[in-house]
Amino acid sequence: MKEVSLRQLINPHPKQERFIQTVDQFKYSLYGGAKGGGKSFILRWIGIRLLLKWAREGHKKVRGVLFCEDYPALKDRQVTKIQSEFPKWLGTLSDSNIEGLSFVLKPQFGSGVLALRNLDDPSKYASSEFAFAAVDELTKNERKVFDQLRSIIRWPGIEETKFFAGTNPGEIGHEWVKKLFIDRNLSTEDPLSNQVCFIPSLPTDNPYNAQTYLEELKRLPEKLRKAYLEGNWDVFEGQYFSEWDKNRHVCNPFPIPGEYKRFRSYDHGRTNPACCKWYALDYDGRVWVYRELYLIGKNVDEIAFEINRLSEGETYQYSMADPAIFAKMGFVDRFGGQTIAETFARYGIQFLPASNRRIDGWNLMHRYLNWSQFSPPKLTYFNNCVNSIRTIPTLIHDELKPEDLDSSGEDHSADTDRYFLMSLHERKSMLPKTETEKKFDEMIKKSSLSIDNLDSMYSGELYRNNSNL
């Protein structure tokens with residue numbers, strides 16, 4: 001077989017070289033995080049490198065696949081580049097009846113096949129077999145696509161099959177990609193725990209980027225600049241809660257003062273997560289989320305037990321819940337209850353039905369998350385609320401209804417907050433009095449003033465200004 005100098009063909013920059021080594025070492029590898037790192041380029045060349053490597057080991061006619069989200073993206077990011085980059089003596093780019101759109105290596109190089117496919121319908125590859133699968137822009141896909149592709153990565157005689165991808169922050173798959181590859185939020189029992197690696201890259205890592213391109217990235221709006229230039233996974237295009245800043249919205253736990261009023265809110269789930277959260281409201285109207293419960297696959301009895309365990313010794317003004325739990329279930333629980341809310345009540349947990357006005361609720365949440373250089377946000381999370389911190393900043397706008405968020409994302413924690421904030425808005429009488437109000441109450445007790453003449457004497461400052469709720 002003719003010797004091929006891949007280093008001369010690829011000429012990778014240091015970060016790309018590191019990614020090549022990572023693909024050799026790990027089963028699942030991700031590269032990128034910002035624009036301009038040379039992601040699409042290195043994906044196609046790693047595919048060729050693997051086919052040549054296996055050919056040297058005696059595996060001929062091995063098939064690997066490189067995916068994009070749709071055909072236009074496949075053509076623009078891969079096909080046209082392969083036409084100009086891959087030398088003709090190495091193989092042939094064709095769209096044959098047998099292999100479909102593919103680059104096929106010459107026989108002297110093992111006749112390996114780099115299939116070029118799109119993911120408009122991943123199920124059509126259910127019976128396919130590939131020794132590797134590469135995905136250009138992984139975050140454009142849901143987690144189920146990744147799991148489907150894992151099932152087709154197999155090849156006779158090759159044990160170390162591979163999955164590798166490149167991507168930017170954002171899009172519908174942002175949350176699961178961040179969780180799996182960037183945060184590595186995996187238990188030690190998870191079979192992926194020791195097989196996953198992420199290599200971050202920045203446009204400044206790529207010496208082939210023009211200076212004018214880097215200057216354009218620097219001039220982007222702050223959120224896009226952080227995502228595309230700095231590779232920040234906490235901000236991205238399409239982010240619903242663009243106010244989110246971990247440095248502003250997350251704090252270390254502190255003892256909740258006894259004067260703060262406490263509340264609970266709950267979003268039900270069994271197949272999907274059930275989420276319960278605990279809130280403290282201070283005298284400045286700031287909300288502190290100081291505890292969360294996040295369970296999957298548990299029945300109401302088990303969830304109620306955990307809520308009671310975590311609530312021991314505390315008193316709440318009220319507890320709100322997803323209004324769906326007040327609907328009749330069509331069956332009777334072992335206590336005779338016909339709704340999920342009635343079952344919780346049997347365990348001493350009395351929920352009130354929350355408002356389900358989604359847009360109003362999200363607008364409130366935007367306002368509570370909002371902050372400025374001189375004003376902190378009114379909604380802050382203790383750092384032990386890991387699922388709130390993980391999921392809320394990853395939610396994106398609904399494409400058909402941009403004022404709403406895309407409910408196909410992991411929105412259970414956000415829904416729980418929405419229920420509670422709407423309750424504050426609708427139950428103003430439950431708010432604690434400010435220090436100013438307390439002073440006025442004392443003045444009223446000591447004087448003969450009537451309620452009717454307070455406005456003329458003390459102006460509007462006497463009354464709670466609820467415009468910020």
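Read-outs throughout are calculated quantities, based only on the coordinates presented, and are distinct from any laboratory measurement. Treat the numbers as computed from the prediction; the structure is a model and nothing was measured. Please note: Cβ atoms are built from the backbone with ideal geometry, for glycine as well, and neighbour counts cover all protein chains shown.
Can you list the GluC sites (Glu not before Pro) in segment 307-408 that are in a DSSP coil and have 13 or fewer other beta carbons within 10 angstrom?
Those that pass, being in a loop and sparsely packed, are 312, 314, 399, 403.
How much length, in nm to one decimal, is gained on full extension between residue 247 and residue 17, taken as 0.36 nm per residue of separation minus their Cα-Cα distance?
79.5 nm
Counting other C-beta atoms within 10 Å, and keeping those with at most 14, which DSSP coil GluC sites (Glu not before Pro) do you find in segment 1-74?
3, 57
Need one number: nm distance between label points at residue 111 and residue 312, each 7 Å from Cα along Cα→Cβ, rounded to one decimal.
About 7.0 nm separates the two model spin labels.
Based solely on its DSSP helices, what 222 nm [θ] is calculated for the chain when runs of n ≥ 4 H residues each add -39,500 (n - 2.57) and the sum is averaged over all residues, nearest 500 deg cm²/dmol?
-8500 deg cm²/dmol
Checking a compactness column here: for the chain, what do you get for Rg(Cα) / (2.2 N^0.38 Å), N being the number of residues? All intermediate terms of the calculation are to be shown ahead of the outcome.
Values: Rg = 28.1 Å, N = 469, 2.2 N^0.38 = 22.8 Å.
For the chain, the normalised Cα radius of gyration comes out at 1.23.
Once you have the Cα-Cα distance between residue 121 and residue 397, take 0.36 nm times their residue separation minus that, and quote the gain in nm to one decimal.
Working it through step by step, the gained length comes to 97.1 nm.
Going by average Cβ neighbours within 10 Å, how do the peptides 352-360, 33-41, 377-385 rank, with the highest at the top?
Most protected by this proxy first, the peptides run 33-41, 377-385, 352-360.
Measure nothing fancy, just the Cα-based angle from helix 39-56's long axis to the longest principal axis of the chain, in degrees from 0 to 90, nearest 10.
Orientation of helix 39-56: about 50 degrees from the principal axis.
If you restrict to DSSP beta bridges whose two residues both lie in the chain, what percentage is antiparallel, to the nearest 5?
The answer is about 45 percent antiparallel.
Could you list the residues of segment 217-242 with an amide nitrogen less than 14 Å from a label point located 7 Å from the Cα of residue 408 in the Cα-to-C-beta direction?
none
Just want the ordering: 101, 51, 149, from fewest to most Cβ atoms lying within 10 Å of their own Cβ.
By the 10 Å Cβ count, ascending, the order reads 101, 149, 51.
Do any GluC sites (Glu not before Pro) in segment 171-227 lie in a DSSP loop with no more than 14 other beta carbon atoms within 10 Å, and if so, which? Can you show the working numbers first?
Numbers: sites: 171, 175, 189, 215, 216, 222; in loops: 171, 189.
In loop regions of segment 171-227 (DSSP not H, G, I, E or B), the sparsely surrounded GluC sites (Glu not before Pro) are 189.
Return the whole-Å distance between the Cα centroid of segment 1-80 and the Cα centroid of segment 236-286.
Taking the Cα centre of segment 236-286 as reference, the centre of segment 1-80 is 43 Å away.
Pairs 39/298; 15/277; 178/218; 124/218: which exceed 32 Å Cα-Cα?
Numbers: 39/298 41 Å; 15/277 42 Å; 178/218 24 Å; 124/218 41 Å.
Check vs 32 Å cut-off fails for 39/298; 15/277; 124/218.
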